[in-house]
Amino acid sequence: MNGRNGLERLSLNQETIRQWSLPELVEGCVAAGVPGVGLWRAPVRAYGTEAAARLVRSAGLTVTSLCRGGFLTALDPAGRTAALDDNRAAIDEAAALGTGTLVLVSGGLPPGSRDLSGARERIADALGELSPYAAQRGVRLAVEPLHPMFAADRCVVSTLAQALDLAERFPAGRVGVVVDTYHLWWDDTVAAQIARAGAGGRIAAFQVADWITPLPAGVLLGRGQLGDGSIDLRWFRERVDAAGYDGPIEVEIFNPALWERDGAEVLAEVAERYASSVLPSPSRAPLPPDPVG
């Protein structure tokens, strides 16, 4: 990794510049000195998983994560079996790409259900079934909590505490958590939970995006460019660092306005905003480690 440009921890999630093909993503990151990429299953499968692995590896890039597995809350046996099979396939794909992190979006409530705790227990059951297989393939399952506005349809795990409650049932090397600023910035317990995650060696991935308003219809595509919104991104990075995490910082922004722009221009802006909004500021001293509890 190139430590001279300040980008040695930066990873570009594929969806941030969705308009780029996988070869364009690789070429653009190499040209910009960005050492890591976070990939998504659909475009990787379309390109060919083994071909994608060769492309990224030959360019000297690191695949920091694969999105996504999960959706593990089905009530019916057929739905559960299909979900487990799909997650095993995702684990295989992560292993082929050389990443040790498979991000899990756990799934929302099944149709007609209002049982949040029951849905979370089914996630725990699925983790118990999948984590030994993932460990054999050198992949850690990373439970990502999503903002509560997604609890009904996408993810019943809404807080870092809930994600850790699930992950801590299993060895840290098998199941970790994702710290994503977009989903967690609102939670006044997040500092303590980041410290808890760090103490247990549970931080598998750290993702950054900003929160901008008004939210668009459908809300999923409302993430903001770094520095454009309400989140103190540097504060999050300081807390994650103080918790002992020194891995990649992945910029993951779903925003149609960015997708309509020139990809190289967007990447240059991402790198500039990463430096100005996430990296250490000369005027702010490093934080001491947070106590757990």
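With N as its number of residues, region 82-153 has a Cα radius of gyration that, divided by 2.2 N^0.38 Å, comes to 1.17. Restricting the calculation to alpha carbons of region 1-83 gives Rg and Dmax of 15.5, 53 angstrom.
Sorting 106-117, 80-91 by their mean Cβ neighbour count within 10 Å, with the most densely packed peptide first, gives 80-91, 106-117. Scattering from the chain was approximated by placing one identical point on each alpha carbon and applying the Debye formula without solvent; log10 I(q)/I(0) at 0.08, 0.10 1/Å stands at -0.31, -0.50. Entry comment: accessible area of region 156-243 is 33 Å² per residue, from protein heavy atoms only and a probe of 1.4 Å. Give the residue from TRP235, ALA195, SER281 lying farthest towards the positive end of the charge dipole for the chain; charges sit on Cβ (+1 for Lys and Arg, -1 for Asp and Glu) and the dipole is referred to the Cα centre. In the chain, that residue is ALA195. About the centre of its Cα atoms, the chain shows a dipole size close to 500 debye [charges on the beta carbon of Lys, Arg (+1) and Asp, Glu (-1) only; nearest 20 debye]. When you work out D = kT/(6 pi eta Rh) for region 170-211 at 37 °C and 0.692 mPa s, using the Kirkwood radius from C-alpha pairs as Rh and the Stokes-Einstein form, the result is 304 µm²/s. Stokes-Einstein, applied to the Kirkwood radius of region 204-254 over Cα pairs at a viscosity of 1.306 mPa s and 10 °C, places its translational diffusion at 135 µm² s⁻¹. What's the percent breakdown of Cα-Cα distances in region 133-233 across 10 Å bins, shortest bin first? Calculated P(r), rounded to whole percents: 16, 44, 30, 10, 0.
The spacing between region 213-287 and region 125-189, judged by their C-alpha centroids, is 21 Å.
Helices that extend 18 Å or more along their long axis by alpha-carbon positions and average at least 0.0 on the Kyte-Doolittle scale are, among the DSSP H runs of the chain, 263-277.
Taking the 1.4 Å solvent-accessible surface of region 1-136 as the whole, the part contributed by carbon and sulfur is 52%. Projecting the Cα atoms of LEU130, THR101, GLY118 onto the charge dipole of the chain, computed from C-beta unit charges around the Cα centre, puts LEU130 farthest toward the positive end.
From the Kirkwood radius over Cα pairs of region 32-129, Stokes-Einstein at 20 °C and 1.002 mPa s returns a whole-number translational diffusion coefficient of 147 µm²/s.
The values are calculated or read from the model by the stated rules, or taken from the named source; none is laboratory data. Since we're looking at a predicted model, the values are computed, not measured. Cβ: placed from backbone, ideal geometry, glycine included. Neighbour counts: every protein chain shown. Side chains included, ligands, DNA and RNA excluded: accessible areas come from the protein's heavy atoms. Shrake-Rupley method; radii C 1.70, N 1.55, O 1.52, S 1.80 Å.
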